[in-house]
Ligand code: NAD
Ligand code: GLY
């Protein structure tokens with residue numbers, strides 16, 4: 001088993017990574033000095049595939065578990081579901097020492113984490129991520145929350161889990177498209193922080209797509225190490241943590257103008273990162289050959305590297321970028337990569353350069 005520590009003083013915790021950890025969930029929770037009652041929050045898809053094993057493990061360790069199932073998909077990340085979870089926790093008399101386990105992808109993790117942050121002003125929670133995106137990104141670092149009609153993740157809290165348990169065997173049931181979407185975040189870590197990881201992804205992509213066990217263990221552990229390092233230095237995104245948003249300003253805008261229906265998050269930020277690479281080539285000295293390596297790696301992972309937009313859609317995309325949470329005093333600041341393995345945040349970018357980067361990923365369609 002690989003283990004990565006997120007160092008945050010009294011709120012430090014471990015990320016444990018191995019195949020088969022679900023069967024050890026109860027024993028792992030028993031080491032954390034938690035109460036005897038817990039709620040396992042999951043979605044309908046994951047419940048059918050993995051809840052049985054988790055529940056059996058918790059029972060063996062002597063925990064009394066309430067199962068709370070929410071609908072699968074982004075629409076579950078809403079206040080109505082938060083309230084429904086609160087009511088079920090209260091009905092089963094969960095107390096301050098009771099705890100919550102989030103079993104599922106980023107949707108379940110963000111929702112259950114927010115429920116844990118606010119029920120009884122905060123009870124402990126454990127993340128058991130079951131998508132690649134959740135194992136390498138959303139379960140680590142304590143961002144929790146839900147969406148509003150006005151936008152994604154607009155309500156939430158920084159609230160760290162007590163433990164993250166990444167069972168690599170849960171990928172056996174993960175649909176191909178979801179798996180590839182998670183790779184967009186792994187490639188991001190290579191671009192912003194680790195040129196060796198990037199080169200390894202270039203070399204091993206075929207093995208990774210076959211879900212080779214050793215390759216998966218490496219990319220999940222290395223991604224978690226990088227995120228843990230960044231979060232340990234800047235928990236609440238005062239500065240450095242912003243590098244994790246490489247490609248996300250344009251990516252989020254793509255998700256927004258396509259009503260969160262056409263692209264998975266990882267697909268949208270794949271296009272966003274290719275555009276950010278073009279901006280980096282123009283403004284921060286990223287060599288053209290590295291910009292091309294970035295585009296090629298997303299392509300090799302089977303992720304989209306461009307999209308078709310009319311000029312009206314492009315106008316909407318630019319407007320959506322100014323609504324992103326990362327905008328401050330009306331100014332969009334970008335994360336740029338001066339080379340593969342290094343990122344700088346808070347970079348002012350002229351709008352003409354944004355247009356040129358968009359031209360590179362989305363040549364304008366002529367309208368008739
Ligand atoms: P998701 O949680 O919707 O999961 C994707 C789909 O896969 C769902 O249908 C789910 O039921 C299914 N699934 C999950 N695990 C499975 C498995 N092992 N086998 C079969 N099916 C499985 O999506 P996601 O991509 O994991 O997460 C996206 C969410 O994460 C978004 O809401 C995004 O805002 C959030 N996010 C949060 C952070 C953060 O730091 N908190 C970071 C990145 C993304
Ligand atoms: N996914 C970006 C962050 O955790 O900060």
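The values are calculated or read from the model by the stated rules, or taken from the named source; none is laboratory data. Bear in mind the structure is a predicted one, so any value in this text is a computation, not a measurement. Positions of Cβ are generated from backbone atoms using ideal geometry, with glycine treated the same way; all protein chains shown enter the neighbour counts.
Only one of these is within 12 Å of ligand 1 (Cβ to nearest atom) and at pLDDT below 95: 73, 105. Name it.
Values: 105 fails: at pLDDT below 95.
None of the other options fit; the residue is 73.
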With the first residue restricted to region 44-60 and required to be farther than 18 Å from residue 168 by Cα and modelled with pLDDT under 95, and the second required to be within 16 Å of ligand 2 (Cβ to nearest atom) and assigned to a helix (DSSP H, G or I), Cβ contacts under 9 Å at 6 or more apart or on different chains are none
Restrict the check to region 303-311 and report whether at least one residue is out of contact with any helix residue (DSSP H, G or I) (no Cβ under 6 Å at 6 or more places or on another chain) and crowded, with 23+ Cβ neighbours inside 10 Å. no
Mind listing whichever residues of region 128-178 are in a loop (DSSP other than H, G, I, E, B) and either more than 15 Å from ligand 2 (Cβ to nearest atom) or over 20 Å from residue 208 (Cβ atoms) (or both)? 130, 141, 142, 149, 150, 159, 160, 161, 162, 174, 175
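To keep it simple, each residue is scored yes or no on (1) under 25 Å from residue 150 (Cα atoms); (2) within 16 Å of the chain's Cα centre (by Cα).
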{"site": "222", "(1), (2)": "no, yes"}
{"site": "228", "(1), (2)": "no, yes"}
{"site": "232", "(1), (2)": "no, no"}
{"site": "239", "(1), (2)": "no, no"}
{"site": "245", "(1), (2)": "yes, yes"}
{"site": "253", "(1), (2)": "yes, no"}
{"site": "260", "(1), (2)": "yes, yes"}
State which residue is nearest to ligand 2 (Cβ to nearest atom) when the search covers only region 262-277 and only residues that are buried (at least 24 other Cβ atoms within 10 Å of the Cβ) and more than 17 Å from the chain's Cα centre (by Cα). 276
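Conditions tested, residue by residue: (1) farther than 28 Å from residue 360 by Cβ; (2) modelled with pLDDT of 95 or more; (3) assigned to a helix (DSSP H, G or I); (4) within 16 Å of ligand 1 (Cβ to nearest atom).
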| site | (1), (2), (3), (4) |
| --- | --- |
| 189 | no, yes, yes, yes |
| 205 | no, yes, yes, no |
| 216 | yes, yes, yes, yes |
| 226 | no, yes, yes, yes |
| 229 | yes, yes, yes, yes |
| 241 | no, yes, yes, yes |
